[in-house]
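Asks: I am attaching a structure below and will ask some questions about it afterwards.
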Amino acid sequence: MPRRPVSAALHQWIELIQVYVQRFVHPPSGDIRLVRLWSIVEKDLAAAWTGVRLARAVHMSFEHLRRLCHRELGRSPKQHLTHLRLRLASERLLSTTDTLETIARRVGYENPYVFSARFKKWSGSSPSHFRQGALQKNESPQPE
């Protein structure tokens with residue numbers, strides 16, 4: 001039986017589950033610097049975060065931060081930053097009527113076209129289709 005390609009959204013769910021399984025099997029080392037770093041970043045996702053700036057925020061070298069993120073999160077600091085930004089964007093798309101440009105800026109993308117392309121790669125659909133799909137699901141009659 002031929003295998004169907006995995007959609008980008010399904011890939012994201014699989015990746016998320018894999019991270020949770022890794023955390024369960026291999027509990028985090030307890031490095032509070034990562035917790036502190038991502039807490040700082042989440043408060044200001046629109047900032048121009050670079051690898052060096054992320055590392056400086058928690059007083060370590062970028063290479064150490066990169067290794068720590070791969071070990072604890074299963075992804076690079078830049079990949080995790082992108083994940084946080086797009087996760088917040090998806091929440092805002094579903095919970096607000098903000099324009100795509102406004103949401104893009106609030107999560108750190110000055111160019112809405114770059115944001116749209118990155119979101120589509122991450123979720124499997126464009127931001128506008130993502131929002132429309134959610135609205136259509138909410139408007140459809142629920143089986144009793």
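The values are calculated or read from the model by the stated rules, or taken from the named source; none is laboratory data. Predicted model, so just to flag it, every value in this text is computed and none were measured. As a convention, Cβ positions derive from the backbone with ideal geometry for all residues, glycine included, and neighbour counts pool all protein chains shown. Only protein heavy atoms, including side chains, enter the accessible area calculation; ligands, DNA and RNA are left aside. Shrake-Rupley method; radii C 1.70, N 1.55, O 1.52, S 1.80 Å.
Asks: Cα gyration tensor of the stretch 43-93, axes a ≥ b ≥ c as square roots of the eigenvalues: rounded (a/c below 1.5), prolate (a/b > b/c) or oblate?
Replies: On the way: a/c = 3.07, a/b = 1.57, b/c = 1.96.
Oblate, since a/c reaches 1.5 and b/c is not below a/b.
Asks: What is the sum of charges around LEU68, taking Lys and Arg as +1, Asp and Glu as -1, for the other residues whose C-beta is under 13 Å from the C-beta of LEU68? Walk me through the numbers on the way to the answer.
Replies: Numbers: positive: ARG33, ARG36, ARG66, ARG67, ARG71, ARG75; negative: ASP31, GLU63, GLU72.
After counting each charged neighbour, the total is +3.
Asks: Based on the mean of other beta carbon atoms within 10 Å per residue, what is the order of 90-100, 119-129, most packed first? Could you put the intermediate results ahead of the total?
Replies: Numbers: 90-100: 14.5, 119-129: 17.3.
Ranking, from highest mean packing down: 119-129, 90-100.
Asks: Using a 1.4 angstrom probe and counting only protein chains, how large is the accessible area of VAL21 in Å², to 10?
Replies: In the full protein context, VAL21 sits at about 80 Å².
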